[in-house]
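Below is one structure, written out as C-alpha coordinates; the observations come after it.
The values are calculated or read from the model by the stated rules, or taken from the named source; none is laboratory data. Quick caveat: nothing in here was measured; it's all calculated off a predicted structure. Cβ sites come from the backbone with ideal geometry, for glycine too, and all protein chains shown count toward neighbours.
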Amino acid sequence: MLWVLLGSASASAQAYDPWIDANQRIYAFNDYFDRLLVRPIATTYTTFVPRFARQGIGNFFSNIDDINVFVNDLLQLKMDDALSDSSRFLINTTIGVGGFLDVASDLGFTKNEEDFGQTLGAWGVGTGPYVMLPVFGASNVRDSFGLVLDTLFNPIQYHDESALRYPLLLLEELDRRASYLALDDLVSGDPYLFIREAYVQRRNYLVNDGQIEDEFGGF
(Lines give C-alpha, C1' and ligand atoms only; values in the text may rest on other atoms or scores of the structure.)
Protein backbone atom coordinates (compact mmCIF):
# COMPACT_ATOMS: atom_id res chain seq x y z
CA MET A 1 0.00 0.00 0.00
CA LEU A 2 1.25 3.46 -0.86
CA TRP A 3 1.15 5.34 2.42
CA VAL A 4 1.33 9.07 2.71
CA LEU A 5 1.27 9.50 6.46
CA LEU A 6 3.31 9.59 9.62
CA GLY A 7 5.26 12.72 10.31
CA SER A 8 4.23 15.67 12.43
CA ALA A 9 1.07 13.70 13.17
CA SER A 10 0.46 15.53 16.39
CA ALA A 11 -2.66 17.52 15.60
CA SER A 12 -5.90 16.74 17.35
CA ALA A 13 -8.40 15.17 14.94
CA GLN A 14 -11.37 12.85 15.14
CA ALA A 15 -11.69 10.15 12.51
CA TYR A 16 -15.17 9.90 10.99
CA ASP A 17 -15.31 6.36 9.62
CA PRO A 18 -18.91 5.31 8.90
CA TRP A 19 -17.74 2.94 6.12
CA ILE A 20 -15.37 1.06 8.39
CA ASP A 21 -16.44 -2.43 7.27
CA ALA A 22 -15.79 -1.70 3.59
CA ASN A 23 -12.66 0.27 4.45
CA GLN A 24 -11.23 -2.62 6.44
CA ARG A 25 -11.82 -5.03 3.55
CA ILE A 26 -10.07 -2.67 1.14
CA TYR A 27 -7.25 -2.24 3.64
CA ALA A 28 -6.84 -6.02 3.84
CA PHE A 29 -6.63 -6.18 0.03
CA ASN A 30 -4.12 -3.32 -0.09
CA ASP A 31 -2.01 -4.90 2.64
CA TYR A 32 -1.98 -8.27 0.89
CA PHE A 33 -1.06 -6.63 -2.42
CA ASP A 34 1.67 -4.63 -0.71
CA ARG A 35 3.21 -7.61 1.10
CA LEU A 36 2.95 -9.84 -1.97
CA LEU A 37 4.30 -7.48 -4.60
CA VAL A 38 4.91 -3.81 -3.83
CA ARG A 39 7.03 -4.05 -0.69
CA PRO A 40 9.35 -6.77 -2.06
CA ILE A 41 9.93 -4.74 -5.21
CA ALA A 42 10.57 -1.58 -3.17
CA THR A 43 12.99 -3.51 -0.94
CA THR A 44 14.83 -4.86 -3.98
CA TYR A 45 14.96 -1.32 -5.38
CA THR A 46 16.61 0.07 -2.24
CA THR A 47 19.00 -2.89 -2.08
CA PHE A 48 20.36 -2.77 -5.62
CA VAL A 49 19.97 0.89 -6.64
CA PRO A 50 22.75 3.01 -5.10
CA ARG A 51 21.68 5.61 -2.57
CA PHE A 52 22.90 8.55 -4.67
CA ALA A 53 20.87 7.29 -7.63
CA ARG A 54 17.73 6.90 -5.50
CA GLN A 55 18.29 10.39 -4.13
CA GLY A 56 18.50 11.78 -7.65
CA ILE A 57 15.34 9.94 -8.69
CA GLY A 58 13.52 11.24 -5.62
CA ASN A 59 14.72 14.77 -6.36
CA PHE A 60 13.49 14.48 -9.96
CA PHE A 61 9.95 13.55 -8.94
CA SER A 62 9.95 16.09 -6.11
CA ASN A 63 10.88 18.76 -8.64
CA ILE A 64 7.94 17.78 -10.85
CA ASP A 65 5.68 17.89 -7.79
CA ASP A 66 6.76 21.51 -7.21
CA ILE A 67 4.59 22.45 -10.20
CA ASN A 68 1.54 21.16 -8.35
CA VAL A 69 2.71 22.82 -5.14
CA PHE A 70 3.07 26.16 -6.96
CA VAL A 71 -0.48 25.95 -8.40
CA ASN A 72 -1.90 25.26 -4.95
CA ASP A 73 0.13 28.09 -3.43
CA LEU A 74 -1.62 30.43 -5.87
CA LEU A 75 -5.05 28.96 -5.19
CA GLN A 76 -4.52 29.51 -1.47
CA LEU A 77 -3.14 33.01 -2.07
CA LYS A 78 0.19 32.10 -0.48
CA MET A 79 2.14 34.43 -2.72
CA ASP A 80 5.42 34.29 -0.82
CA ASP A 81 5.36 30.50 -0.99
CA ALA A 82 4.40 30.66 -4.67
CA LEU A 83 7.44 32.83 -5.38
CA SER A 84 9.68 30.51 -3.38
CA ASP A 85 8.35 27.32 -4.97
CA SER A 86 8.47 28.66 -8.52
CA SER A 87 12.05 29.80 -7.90
CA ARG A 88 12.83 26.39 -6.48
CA PHE A 89 11.47 24.68 -9.59
CA LEU A 90 13.39 26.95 -11.98
CA ILE A 91 16.67 26.57 -10.08
CA ASN A 92 16.46 22.79 -9.81
CA THR A 93 15.29 22.34 -13.40
CA THR A 94 18.22 24.37 -14.76
CA ILE A 95 21.19 24.34 -12.39
CA GLY A 96 19.97 21.09 -10.83
CA VAL A 97 20.11 19.21 -14.15
CA GLY A 98 16.42 18.61 -14.67
CA GLY A 99 15.75 18.31 -10.96
CA PHE A 100 18.11 15.41 -10.21
CA LEU A 101 20.09 17.73 -7.94
CA ASP A 102 18.32 19.71 -5.22
CA VAL A 103 20.35 22.88 -5.52
CA ALA A 104 17.45 25.08 -4.39
CA SER A 105 17.34 23.66 -0.85
CA ASP A 106 21.01 24.51 -0.39
CA LEU A 107 20.15 28.07 -1.45
CA GLY A 108 17.40 28.34 1.16
CA PHE A 109 14.38 27.52 -0.99
CA THR A 110 12.88 24.76 1.14
CA LYS A 111 10.16 22.52 -0.26
CA ASN A 112 6.58 23.21 0.78
CA GLU A 113 3.81 20.62 0.95
CA GLU A 114 0.63 21.65 -0.82
CA ASP A 115 -1.91 19.66 -2.82
CA PHE A 116 -5.49 20.06 -3.97
CA GLY A 117 -6.87 18.28 -0.92
CA GLN A 118 -5.21 20.92 1.25
CA THR A 119 -6.49 23.68 -1.01
CA LEU A 120 -10.07 22.41 -0.72
CA GLY A 121 -9.58 22.30 3.05
CA ALA A 122 -8.25 25.85 3.06
CA TRP A 123 -11.38 26.88 1.14
CA GLY A 124 -13.53 25.44 3.92
CA VAL A 125 -14.52 22.14 2.31
CA GLY A 126 -15.06 19.49 4.98
CA THR A 127 -13.12 16.24 4.93
CA GLY A 128 -16.18 14.01 4.65
CA PRO A 129 -15.89 10.40 5.79
CA TYR A 130 -12.60 8.58 5.99
CA VAL A 131 -12.12 6.25 3.03
CA MET A 132 -9.58 3.57 2.19
CA LEU A 133 -8.86 3.71 -1.55
CA PRO A 134 -7.80 0.60 -3.45
CA VAL A 135 -4.01 0.70 -4.00
CA PHE A 136 -3.67 4.38 -2.99
CA GLY A 137 -4.62 3.74 0.62
CA ALA A 138 -5.74 6.12 3.35
CA SER A 139 -7.79 9.14 2.30
CA ASN A 140 -11.09 10.91 2.84
CA VAL A 141 -13.79 12.12 0.46
CA ARG A 142 -12.28 15.59 0.09
CA ASP A 143 -8.74 14.32 -0.46
CA SER A 144 -9.99 11.73 -2.96
CA PHE A 145 -11.29 14.54 -5.17
CA GLY A 146 -8.02 16.36 -4.56
CA LEU A 147 -6.09 13.28 -5.67
CA VAL A 148 -7.86 13.37 -9.03
CA LEU A 149 -6.81 16.99 -9.52
CA ASP A 150 -3.26 16.26 -8.35
CA THR A 151 -3.09 13.51 -10.98
CA LEU A 152 -4.34 15.85 -13.70
CA PHE A 153 -1.58 18.33 -12.84
CA ASN A 154 1.17 15.71 -13.06
CA PRO A 155 2.92 16.55 -16.35
CA ILE A 156 4.37 13.04 -16.70
CA GLN A 157 1.04 11.61 -17.78
CA TYR A 158 0.92 13.99 -20.74
CA HIS A 159 4.17 12.72 -22.24
CA ASP A 160 3.56 11.65 -25.82
CA GLU A 161 5.54 8.40 -25.59
CA SER A 162 3.62 5.80 -23.61
CA ALA A 163 6.78 3.66 -23.53
CA LEU A 164 8.29 6.36 -21.31
CA ARG A 165 5.16 7.71 -19.61
CA TYR A 166 4.05 4.51 -17.89
CA PRO A 167 7.49 3.44 -16.64
CA LEU A 168 7.99 6.93 -15.18
CA LEU A 169 4.63 6.78 -13.38
CA LEU A 170 5.47 3.34 -12.01
CA LEU A 171 8.94 4.49 -10.95
CA GLU A 172 7.40 7.47 -9.19
CA GLU A 173 5.14 5.20 -7.12
CA LEU A 174 7.98 2.76 -6.47
CA ASP A 175 10.24 5.54 -5.25
CA ARG A 176 7.46 6.83 -3.00
CA ARG A 177 6.85 3.39 -1.49
CA ALA A 178 10.57 2.83 -0.98
CA SER A 179 10.82 6.09 0.95
CA TYR A 180 8.32 4.74 3.51
CA LEU A 181 9.95 1.35 4.09
CA ALA A 182 11.61 2.58 7.28
CA LEU A 183 8.18 3.54 8.68
CA ASP A 184 6.72 0.04 8.37
CA ASP A 185 8.15 -1.05 11.71
CA LEU A 186 6.58 1.95 13.46
CA VAL A 187 3.04 0.65 12.95
CA SER A 188 1.77 -0.78 16.22
CA GLY A 189 -1.46 -2.17 17.64
CA ASP A 190 -4.31 -2.50 15.17
CA PRO A 191 -2.63 -1.46 11.88
CA TYR A 192 -5.92 -0.27 10.32
CA LEU A 193 -6.66 2.06 13.24
CA PHE A 194 -3.04 3.19 13.47
CA ILE A 195 -2.92 4.18 9.81
CA ARG A 196 -6.34 5.83 9.94
CA GLU A 197 -5.49 8.01 12.93
CA ALA A 198 -2.04 8.87 11.60
CA TYR A 199 -3.52 9.91 8.26
CA VAL A 200 -6.32 12.00 9.78
CA GLN A 201 -3.95 13.80 12.13
CA ARG A 202 -1.34 14.35 9.44
CA ARG A 203 -3.85 15.87 7.01
CA ASN A 204 -5.33 18.06 9.73
CA TYR A 205 -1.82 19.29 10.50
CA LEU A 206 -1.09 20.12 6.86
CA VAL A 207 -4.41 21.84 6.11
CA ASN A 208 -3.93 24.06 9.15
CA ASP A 209 -0.29 24.77 8.24
CA GLY A 210 0.89 23.25 11.48
CA GLN A 211 -1.30 25.45 13.66
CA ILE A 212 -2.51 23.17 16.44
CA GLU A 213 -5.63 24.09 18.35
CA ASP A 214 -5.02 24.38 22.08
CA GLU A 215 -7.59 22.02 23.61
CA PHE A 216 -7.05 23.54 27.07
CA GLY A 217 -7.79 27.11 26.03
CA GLY A 218 -6.63 29.58 28.63
CA PHE A 219 -5.84 27.04 31.33
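Which condition from (1) touching a helix residue (DSSP H, G or I) at 6+ places or on another chain (Cβ under 7 Å); (2) surrounded by fewer than 17 Cβ atoms within 10 Å (Cβ to Cβ) is the one that Leu77 breaks?
(1) is the only condition that Leu77 fails.
Would you confirm whether any residue within the stretch 45-58 is closer than 30 Å to Tyr130 by Cα and within 17 Å of the chain's Cα centre (by Cα)?
Within the stretch 45-58, one or more residues are closer than 30 Å to Tyr130 by Cα and within 17 Å of the chain's Cα centre (by Cα).
Among the candidates Val71, Val97, which residue alone is crowded, with 18+ Cβ neighbours inside 10 Å, out of contact with any helix residue (DSSP H, G or I) (no Cβ under 8 Å at 6 or more places or on another chain), closer than 27 Å to Ala178 by Cβ and β-branched (Val, Ile, Thr)?
Result of the check over Val71, Val97: Val71.
All but one of (1) within 26 Å of Tyr45 (Cα to Cα); (2) under 15 Å from the mean Cα position of the chain (by Cα) hold for Gly117; which doesn't?
If we test Gly117 against (1) within 26 Å of Tyr45 (Cα to Cα); (2) under 15 Å from the mean Cα position of the chain (by Cα), just (1) comes out false.
Taking Glu172 and the conditions (1) part of a helix (DSSP H, G or I); (2) at pLDDT below 95, which numbered condition does it fall short on, given that it satisfies the others?
(2)
Could you tell me which numbered condition Tyr130 fails, if it satisfies all but one of (1) over 30 Å from Asp21 (Cα atoms); (2) among the aromatic types (Phe, Trp, Tyr); (3) in contact (Cβ under 8 Å) with a residue 24 or more places away in the chain?
Here Tyr130 meets the rest and fails (1).
Run Leu183 past the list (1) touching a residue at least 24 places away in the same chain (Cβ under 8 Å); (2) farther than 23 Å from Thr43 by Cα and report the number of the one that doesn't hold.
Of the numbered conditions (1) touching a residue at least 24 places away in the same chain (Cβ under 8 Å); (2) farther than 23 Å from Thr43 by Cα, the odd one out for Leu183 is (2).
Name the residues in the stretch 124-150 that are under 26 Å from Asn59 (Cβ atoms) and part of a loop (DSSP other than H, G, I, E, B), would you?
Hits for the stretch 124-150 are Val135, Phe136.
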